[in-house]
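K.L.:
Handing you this structure, nothing more for now.
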Amino acid sequence: MFQRTLLRQFQAGRSALKSSSFANSTPLALRRASQLQTQLPVVTRPFAPQPARRCYSTETEQKDTPKEGENAEAAEEDPVTKENAELKKEVLELKDKYLRSVADFRNLQERTKRDMDGARKFAIQGFAKDLLESIDNLDRALLAVPADQLNAAETAENKPLLELVQGLKMTENILMNTLQKHGLERFDPGEQVEGKAQKFDPNMHEATFMAPSQAHEDGDVMYVQSKGFKLNGRVVRAAKVGVVKNA
């Protein structure tokens with residue numbers, strides 16, 4: 001504003017100098033017009049000095065105070081990091097499901113294999129049980145002939161009996177060998193083990209009676225009513241026995 005005022009005053013003085021030279025060479029009307037123009041008051045505005053401004057450094061403020069953008073970014077989680085965390089979580093869940101599915105499938109395979117093996121091994125269990133009575137009848141037929149007659153010298157009278165007994169034994173042996181090929185075995189609790197009687201086993205024997213015996217100990221098998229049978233290690237029929245009880 002002060003510069004404008006000086007500029008106007010400079011222009012007014014310059015115009016006054018021009019008017020003096022212009023008055024000599026210009027007509028009267030022009031001189032009057034220029035005099036009127038120079039006589040007009042020049043409106044000037046008072047100069048108002050502006051207060052001095054002090055400058056402060058804002059470096060410390062910028063260093064000490066965080067920016068608003070940084071606060072906003074700190075407040076809001078990075079979408080890339082959030083998406084990465086979600087993907088990792090999803091991968092862990094899928095991996096866990098995959099491992100569980102593999103374990104379940106392997107368990108299913110093992111269980112199916114066991115079931116198939118069991119079905120193959122014990123498929124003839126019902127058929128074998130039906131044959132046990134026939135085997136018992138063969139044993140009874142062989143026991144019906146006294147041992148002294150079998151050991152006697154061969155004569156014309158007992159020759160047919162010996163041939164019958166031999167035929168029954170051959171039939172029994174062929175039948176037992178055939179059943180043994182399919183896993184059916186017979187066990188006799190009356191047979192001694194190392195010169196001692198076998199002990200009663202509830203998993204394999206069925207006690208039909210109990211009686212005292214001075215020649216045996218408690219729990220010994222002293223009598224066999226019927227022999228037992230196993231099919232691939234599983235007891236199909238327990239042996240019926242008599243057990244010693246001296247107490």
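The values are calculated or read from the model by the stated rules, or taken from the named source; none is laboratory data. Remember, it's a predicted structure, so these values are computed and weren't measured experimentally. Positions of Cβ are backbone-derived with ideal geometry, glycine not excepted, and every protein chain shown enters the neighbour counts. Note: areas computed on protein heavy atoms with side chains; ligands, DNA, RNA excluded. Shrake-Rupley method; radii C 1.70, N 1.55, O 1.52, S 1.80 Å.
K.L.:
Once you have the Cα-Cα distance between residue 86 and residue 218, take 0.36 nm times their residue separation minus that, and quote the gain in nm to one decimal.
P.N.:
40.2 nm
K.L.:
Moving on to the next point. In terms of Cα to Cα distance under 28 Å, which lysines are near enough to residue 113, apart from those fewer than 8 places away along the same chain?
P.N.:
Candidates past the 8-residue exclusion: 95, 97, 121, 129, 181, 230.
K.L.:
Report the full-extension gain for the segment residue 109 to residue 150: residue separation times 0.36 nm, less the Cα-Cα distance, to one decimal in nm.
P.N.:
Fully extending the segment from residue 109 to residue 150 adds 9.1 nm.
K.L.:
Sticking with the crude label model, points 7 Å out along Cα→Cβ, report the distance from residue 208 to residue 185 in nm, one decimal please.
P.N.:
That separation, rounded to one decimal, is 2.4 nm.
K.L.:
Long-range amide H contacts for residue 183: which residues qualify at under 5 Å (H placed 1.01 Å from N, peptide plane, sequence gap of 5 or more or a different chain)?
P.N.:
Those qualifying (amide H under 5 Å, at least 5 residues apart or on another chain) number zero.
K.L.:
Moving on. Where in the stretch 161-183 does the label zone of residue 125 land, with the point 7 angstrom along Cα→C-beta and an amide N cut-off under 20 Å?
P.N.:
Counting backbone N atoms under 20 Å from the label point, the list is 179-183.
K.L.:
Quick one: how many Å² of residue 196 are accessible to a 1.4 Å probe, rounded to 10?
P.N.:
140 Å²
K.L.:
Once phi is turned into θ = phi - 60°, what whole-Hz ³J(HN,Hα) does the Karplus curve with 6.51, -1.76 and 1.60 give for every residue of the stretch 130-140, x standing for Gly and Pro?
P.N.:
5, 7, 5, 5, 5, 5, 4, 5, 5, 5, 5
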